[in-house]
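Just below is one structure, and these are the notes that go with it.
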Amino acid sequence: MKAKMTKLCLLFILLCSLPVFYSCSDEADAFYLYEYWEVMFDPEPPISETSLSITGGTKLGIKGGVAPYTAEIADGQIAIAYVDENNDIQISSIKLGNTSLMVKDADGRIIKIGLKVVNSKQSFSVNSVEARITGIDESLLDEQQKEKLEAVIKKIKDEAGIQATGVIAFSYDQKSSGKVTIVTSKDNAPKIEGSFSRSTSESGTTFQITINGKEYDCKFKLPERPDTSKSITTRDLGPIPYWLVEDVTEDYKSDVTDLFGINATSLKIERIYIGSFTPLR
């Protein structure tokens with residue numbers, strides 16, 4: 001009888017001990033947020049705050065807790081958030097500022113972290129400056145006329161507002177506008193500062209830049225290189241090759257028409273800054 005009682009006591013102790021061991025491996029007891037990466041083997045350590053750019057969004061992962069989850073931004077004028085079908089938190093920015101994100105699970109547990117929306121930055125680096133004149137049949141020109149045309153092209157390139165190694169830096173404080181800084185790379189030339197607004201279309205991206213009350217339209221587009229495979233022009237390779245095309249027909253029309261006496265209506269003169277855009281960050 002004594003032996004049976006001893007066995008029952010041992011069985012009772014063992015059964016009481018089992019829930020303790022299982023509860024240690026219960027993922028629902030771990031409840032936190034982590035930075036999300038597309039390729040990840042293990043969740044990152046818990047985070048207490050996160051930030052995103054004014055032009056973009058971010059994704060956070062949830063570790064533990066009990067689904068379904070809900071996500072809420074304290075100040076909905078700064079950012080919005082929702083939980084997607086994969087139980088990841090998608091956050092989109094609205095305006096610059098600081099607020100907080102609160103995530104709640106089905107058991108009522110709450111995680112609260114800081115959220116900051118910061119400026120986005122983008123820059124166009126100039127590698128070279130070229131000029132293009134259309135509306136002239138160069139096959140009809142003699143050698144002397146071709147030399148004069150080359151002299152006009154050189155003048156257009158030399159008088160460019162930005163030289164090679166120059167940079168146009170955009171700092172966004174709204175979705176499509178902000179401050180612009182131009183480094184011309186000319187000797188002893190100071191930085192030029194102003195504001196900009198951005199619009200996009202199928203033909204490219206246009207930045208309307210305002211400096212000292214004067215407006216400039218800068219049209220950026222992909223290079224016209226039909227012999228280049230589209231597959232190499234990807235964000236995966238870093239800076240994106242672009243052209244900044246400036247129509248300077250009115251500025252140099254007389255330089256060309258006085259030389260050749262051609263019909264000005266068919267003439268188009270462009271200054272082309274060849275460079276690369278850094279992706280928005």
Practice item. For VAL248, enumerate residues with amide H under 5 Å from its amide H, sequence gap 5+ or separate chain, H modeled in the peptide plane. Key: ILE269, GLU270, ARG271
Practice item. Can you send over the solvent-accessible area of GLU147, 1.4 Å probe, protein chains only, in Å² to the nearest 10? Key: 130 Å²
Review point. Any idea of ASP29's accessible area? Nearest 10 Å², probe 1.4 Å.
Key: 100 Å²
Exercise for review: Leaving out ligands and nucleic acids, note down the accessible area per residue over region 56-154 with a 1.4 angstrom probe, in whole Å².
Suggested key: 53 Å²
Exercise for review: Filter the chymotrypsin sites (Phe, Trp or Tyr not before Pro) in region 41-123 down to the DSSP loop ones having no more than 16 other Cβ atoms within 10 Å, then list what survives.
Suggested key: PHE41
Point to revise | With every protein chain in place, region 37-163: carbon and sulfur % of accessible area (1.4 Å) | key: 47 percent
Check your understanding: Given the pairs LYS154/LYS219; LYS146/LYS268; LYS59/LYS116; LYS59/LYS95; LYS186/LYS253, which span a C-alpha to C-alpha distance of over 20 angstrom in this model?
Key -> LYS154/LYS219; LYS186/LYS253
Study note, to complete from the structure: Over region 166-209, with neighbouring protein chains present, the accessible area per residue in Å² at probe 1.4 Å is 56 Å²
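The values are calculated or read from the model by the stated rules, or taken from the named source; none is laboratory data. Worth saying up front: this structure is predicted, and the values here are computed from it rather than measured. Quick reminder, even Gly has a Cβ in these numbers, built from the backbone with ideal geometry, and neighbours come from all protein chains shown. Surface accessibility is based on the protein's heavy atoms, side chains included, excluding ligands, DNA and RNA. Shrake-Rupley method; radii C 1.70, N 1.55, O 1.52, S 1.80 Å.
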